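Working notes, beginning with the structure itself.
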Amino acid sequence: MAATFNDLTTQPTDKVQVIDCRNSNFFNGWPQAGQSQGGHIANAVNIDANWLPLLDDGQFKALLKQDNLVATKPTYLYCELAGTQVLAHELTKQGFTDVHSINQPLSMYQGKLIALPNFQHLVSAAWLNNLIHGGSVNYAPKSDFKIVEVNWGPPTKYLIRHIPGAYYLNTNDIESEPLWNHVPPAQLAKVLSNLDINQNTTVIVYGHNTMAAERAAQIMMYAGVKDVRLLNGGFPAWLAGGYDTEAFYNGAKNTPKFGTTIPANPDAIIDVAQVKNMLKDTTKNSVVSVRSWPEYMGETSGYDYIKAKGRIIGAKWGQSGVDAYHMNSYFNPDQTYRNPYAIAKLWQKWGIEPQQNVTFYCGTGWRASVAYFDAYLMGWPNISVFDGGWLEWSLQPKH
């Protein structure tokens, strides 16, 4: 059934449900072409119509359940005509009986749009492609920019193909055994210098494994890089866009000095003693485990190199994935970032609030960096990663 934004605004907000079926980057805050403002209608959920070919019937049902959508409730969809048509059809197949499609541009909506406070730090493949080719982009870097592909181990996939101009970062260069904590400041400064990065460089990170890129992004923010951005959807999003790639290796050209003492943001990463102090007041502070539920419940350690099972006493659960190597709850079907506000609602049920001091931990730091970036996108002011995670905590003689 065709509808307008005016039809939607005349309905009591608690009596309807709204689905934004556009690309998640527009939902987050990036303006669509020809529009001055991005974001989404308050309380809308994001189900990109282009996700549907990626989902079987069971997965689509699970997505609807995840977003608490009810088949009997009036449902308003807004995106382009083709998107609303295909999504409305699929919803009808799932028993939705009152579906309304709005095909007007969002600029015609008279209400306030909601955008992530730091949405510009989660960039689309289209934005990055325009930047590389010298096009005009919103929220352009203020100075020079560097693109960095991040992965664990040698640059095997990188050498075959990567985003043009991208450097390569092996996570072994920013983490050290046996605890896999970040390397000391002097070593980190050398790594960044070898990537032509100083504190004023805009750094766009991406990876085949998004968690690796987020780990690097979080450590760069800790070091003091002022403008770190993440490619939403990683390298798969770049390939899906049909953009050019190149092979072989890009080496550093300038090896600049970083420009300030590392870490410039020391509070972004905390240690065991600081976690213990936070646990003294779990009203003002939240120590958040983003390990899988079986790990949180002590059914498994999650890793073959971590023997101890269990969790930090007093830790809250911040959602995760099916195992130690996935963060399903945090990503959309196309591996772009899931709406962070939906994650925040789940956090709230565990007493995790934006005004608190919040630290995230996992096994050794990768998954915690995903949650950290999620909170950062929402503008949470006092967030950190407990670098040692469960591995270091479990080795302590007393907790």
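The values are calculated or read from the model by the stated rules, or taken from the named source; none is laboratory data. These numbers come from a predicted model, not from an experiment. We place every Cβ from the backbone using ideal geometry, glycine too, and count neighbours over all the protein chains shown. Keep in mind that these areas ignore ligands, DNA and RNA; they rest on the heavy atoms of the full protein, side chains included. Shrake-Rupley method; radii C 1.70, N 1.55, O 1.52, S 1.80 Å.
Some observations on this one:
- Any hit, the stretch 7-25, residues being outside any strand (DSSP E or B), modelled with pLDDT of 95 or more, of a type in the set (A, V, I, L, M) and out of contact with any His (no Cβ under 8 Å at 6 or more places or on another chain): yes
- Taking first residues from the stretch 365-387 that are on the phi > 0 side of the Ramachandran plot and partners that are part of a helix (DSSP H, G or I) and surrounded by 24 or more Cβ atoms within 10 Å (Cβ to Cβ), the Cβ contacts under 7 Å between residues at least 6 apart in sequence or on separate chains come to Gly365/Arg215; Gly365/Gly389.
- Looking only at the stretch 244-258, residues that are farther than 23 Å from Lys190 by Cβ and either assigned to a loop (DSSP other than H, G, I, E, B) or small (Gly, Ala, Ser) (or both) come to 4 in all.
- Subset of the stretch 12-24 [open to solvent by 10 Å² or more (accessible area, probe 1.4 Å) and either free of Cβ contacts under 8 Å to residues at least 24 places away in the same chain or touching a Ser or Thr at 6+ places or on another chain (Cβ under 6 Å) (or both)]: Pro12, Asp14, Gln17
- Output for the stretch 132-176, where each listed residue is part of a strand (DSSP E or B), open to solvent by less than 40 Å² (accessible area, probe 1.4 Å) and of a type outside the set (D, E, K, R): Ile147, Val148, Val150, Asn151, His162, Tyr167, Tyr168, Leu169, Asn170
- Matching option when the condition is in a helix (DSSP H, G or I), open to solvent by 70 Å² or more (accessible area, probe 1.4 Å) and of a type in the set (Lys, Arg), among Lys280, Lys276: Lys276
- When Leu87, Leu77, Leu113, Leu81 are checked against the criterion of being within 26 Å of the chain's Cα centre (by Cα) and either of a type in the set (Lys, Arg) or open to solvent by 10 Å² or more (accessible area, probe 1.4 Å) (or both), a single residue qualifies: Leu113.
- Scanning the stretch 300-309 for residues that are touching a helix residue (DSSP H, G or I) at 6+ places or on another chain (Cβ under 9 Å) and either modelled with pLDDT of 95 or more or more than 19 Å from Asp387 (Cβ to Cβ) (or both) gives Thr300, Lys307, Lys309.
- Hits in the stretch 321-368 (condition: open to solvent by 10 Å² or more (accessible area, probe 1.4 Å), closer than 23 Å to His208 by Cβ and among the basic types (Lys, Arg)): Arg338
- Selected residue (only one of Ile313, Ile306 is part of a loop (DSSP other than H, G, I, E, B), of a type in the set (A, V, I, L, M) and open to solvent by 10 Å² or more (accessible area, probe 1.4 Å)): Ile313
- When the stretch 377-390 is limited to residues that are crowded, with 24+ Cβ neighbours inside 10 Å and part of a helix (DSSP H, G or I), the one that is farthest from the chain's Cα centre (by Cα) turns out to be Trp390.
- The one condition from (1) over 22 Å from Gln94 (Cβ atoms); (2) of a type outside the set (A, V, I, L, M, F, W, C); (3) assigned to a helix (DSSP H, G or I) that Pro31 does not meet is (3).
- Test result for Leu179, in a loop (DSSP other than H, G, I, E, B) and on the phi < 0 side of the Ramachandran plot: yes
- In the stretch 208-231 there is no residue matching the filter, namely being open to solvent by 30 Å² or more (accessible area, probe 1.4 Å) and assigned to a strand (DSSP E or B).
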